[in-house]
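Here, each number is a calculation from the coordinates, and none is a lab measurement. Note that this is a predicted model, so its numbers are computed, not measured. Quick reminder, even Gly has a Cβ in these numbers, built from the backbone with ideal geometry, and neighbours come from all protein chains shown.
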Amino acid sequence: MQLFTAFLLILIALVYNVEAYRILGILPTTAKSHFIVSSKLMKELARRGHDVTVISPFPLKKPLKNYHDIKLGNMNAAMDGTIKDLLNAAEKSVIQNNFEFHMLGLALSRAFLEERSVRELMASNQTFDAVINEVFLTEALYGLSEHFKAPLIGIGTFGAHNWNTDLVGTPSPPSYVPHALLPFSAHMTLTERLANFAFNIYERLLLDLYYLPKQAEIYKEFFPNNKRDMYEVRRNVALVLLNQHVSLSYSRPLVHSQIEVGGMHINRQRSPLPADLERFISESKHGVIYFSMGSNLRSEYLPVEKRKAILDTFRGLKQRILWKFENPNLEDKPDNVYISEWFQQDDILAHPNVLFFITHGGLLSSTEAIYHGKPIIGIPIFADQFLNMNRAEAGGFGIRLDYLKLTKETFTSAIERMLSDESYAKNVAEISARYKDQPMNPLDLAVYWVEYVVRHKGAKHLHCAGQDLSFIQYHSIDVLLILFGGLTLVLLLLFLLTRVAWRWLQFAIARRDIKEKRN
């Protein structure tokens, strides 16, 4: 099957890819993990001969042929205060966190468009065949696709969410599609369905009445000459590449212009680790536990009592620990703990001596753990992390810990359960095999669809007609009103006819009685 797929891809390349396309990549978020996903696609497009320009806070350290960086300088400043406060998100309500998320999006959008390098690009005479934009609360940036008269392609690094399903018309019935920020499954109780429905209504109102109008103002300010407004550009996105896969989540409806490419960033072949790190892992007689809270949640900001609970737990283990800790001066660090500001997470999870992964439960970390067959202990803090960890527990390959109740006792108990119960490793191995059973590598699939959109001039035939309807038309409210009005009219006529018939019958009976009395 793999040889056939490779042959098919080569054949497609020979038949269709007769020219190089000019691609503009817009990757505004300062989350390194999000960049890793999107940049993987950009690098692959460049490797295949396309001319790729990428605007991001993370320029490549090693130049790559056909890949041109435009560095964002002030995006980190826009995110700095938010990153330091992320660990406090667990203490806030989901409504407050959701609102702050959207406010951050407004700040990031403005900071991006105020960048000198971005303004210079807009003033240049460059042309592009497609604009690829990460879909993460920066709708005003969609104006760049209209500015350059190029089809817009979105990358949903966050998985399926209203932010990207709205772009192509994918339905999300709240009866069985849980909101990404809520810790529910596809099989919700009545109470959960009520909460899911209410939260979706809240977010819909937030988007339509406040957030999107604010983004539209930014769009109009920076793109005054664009023919189409933000709303029209937003509902005419050519394609959304979705960082999820049905084997890792739940079955749900997707339109033809929304393609699942979850895990396209994962290395299919493990790269070598630094010599000292490889030695630390390989020489551990009892295996290694990998611990990382992701790129945005920095362990150095953990409160003292939480840090002490973690260190005391690790000190009592015979396994070795890799901990993504951003400060090299970690006081009271046990000898069995190896810290680093950044790890080759993908390659570490692929190492056979790594037993399991302690994580915040982010989508990328969860996907990588599943691919490499590593069970997880999750400490969710915000966003979709609760949903992902609920899936892990339901799938039997994860243990969820409450961050607010994290102590040495609860942490140690979870680790001991993971070490002693073989079912976690067995279950994740089954899900990993299910995920890998795909007809095409997700990265190849993503490249194919990008080239498809360009080849077919925006692939307008994939556009969902539902995007052209108003809320009333989409939900057939006008049809229901007509049917209800017609039925009401019929019932009213029947009622009137019945009254007339009854009156006539009474009149006839009365006349008969009078006639009988006369006789």
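Please sort 342-353, 131-142 by packing, taking for each peptide the average over its residues of neighbouring beta carbons within 10 angstrom, highest first.
Working: 342-353: 18.6, 131-142: 25.9.
Descending mean neighbour count gives 131-142, 342-353.
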**Q.** Given charges at Cβ of Lys, Arg, Asp, Glu: the chain dipole, positive-most of VAL237, PHE411, LEU194
**A.** LEU194
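Is the shape of the range 217-277 rounded, prolate or oblate, going by the alpha carbon gyration tensor and its root eigenvalues a ≥ b ≥ c, with a/c under 1.5 for rounded and a/b larger than b/c for prolate? Provide the component values of the computation, followed by the final result.
Working: a/c = 4.12, a/b = 1.73, b/c = 2.38.
Verdict is oblate for the range 217-277.
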Q) Where the centroid of each part is defined by its Cα atoms, how far is the range 135-186 from the range 239-263 in Å? A) 11 Å
Q: Mind putting together the pair-distance distribution for the range 395-447? All Cα pairs, 5 Å bins, whole percent per bin, short to long.
A: 4, 16, 18, 14, 13, 11, 9, 8, 5, 0
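From the square roots a ≥ b ≥ c of the eigenvalues of the alpha-carbon gyration tensor of the range 178-228, which class results: rounded (a/c under 1.5), prolate (a/b over b/c), or oblate?
Details: a/c = 4.81, a/b = 3.45, b/c = 1.40.
Cα axes put the range 178-228 in the prolate bin.
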Q: Restricting things to alpha carbons, tell me how big the range 344-476 is in terms of Rg and Dmax, in Å.
A: 20.0, 59
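Once Rh is set to the Kirkwood radius over Cα pairs, what Stokes-Einstein translational diffusion coefficient, in µm²/s, holds for the range 275-436 at a temperature of 4 °C and a viscosity of 1.567 mPa s? Before the final figure, lay out each step's value.
Working: Rh = 15.7 Å.
Once the numbers are plugged in, D ends up at 83 µm²/s.
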**Q.** Over the chain, equivalent-ellipsoid semi-axes from the Cα gyration tensor in Å
**A.** 50, 32, 23
Q. Just how far, in whole angstrom, is the range 306-321 from the range 467-484 if you go by their alpha carbon centroids?
A. 59 Å
Q. Cα-Cα over 19 Å: which of LYS324/LYS405; LYS32/LYS92; LYS149/LYS227?
A. LYS324/LYS405; LYS32/LYS92
Q. Once the piece of chain linking LEU492 and GLU331 is laid out straight, how much longer is it, given 0.36 nm per residue of separation minus the C-alpha distance between them?
A. 49.8 nm
Q) What FRET efficiency do you get for LEU404 and LYS62 if R0 is 41 Å and r is their Cβ-Cβ distance, rounded to the nearest 0.05? A) 0.45
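Taking the Cα centre of the chain as origin, sum charge times position over the Cβ atoms of Lys and Arg (+1) and Asp and Glu (-1), and report the length of that vector in debye to the nearest 20. Please list the in-between numbers first.
On the way: 57 positive and 53 negative charges, 317 e Å.
Roughly 1520 debye, rounded to the nearest 20.
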Q. To the nearest 10 degrees, how steeply does helix 190-206 sit against the main Cα axis of the chain, on a 0 to 90 scale?
A. 90 degrees
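Helix-only estimate, please: 222 nm mean residue ellipticity of the chain, summing -39500 (n - 2.57) across DSSP H runs of length 4 or more and dividing by its residues, to the nearest 500. Write out the running numbers ahead of the final one.
Working: 20 runs with 246 residues, N = 519.
So the calculated ellipticity at 222 nm is -15000 deg cm²/dmol.
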Q: At 0.36 nm per residue, minus the direct Cα-Cα distance, what do THR127 and ARG315 gain on full extension? Give it in nm, one decimal, please.
A: 61.9 nm
Q | Estimated vicinal HN-Hα couplings, Hz - the range 359-373 in sequence order (Karplus 6.51, -1.76, 1.60; Gly, Pro = x) | A | 9, 7, x, x, 4, 5, 5, 5, 5, 5, 4, 5, 4, 8, x
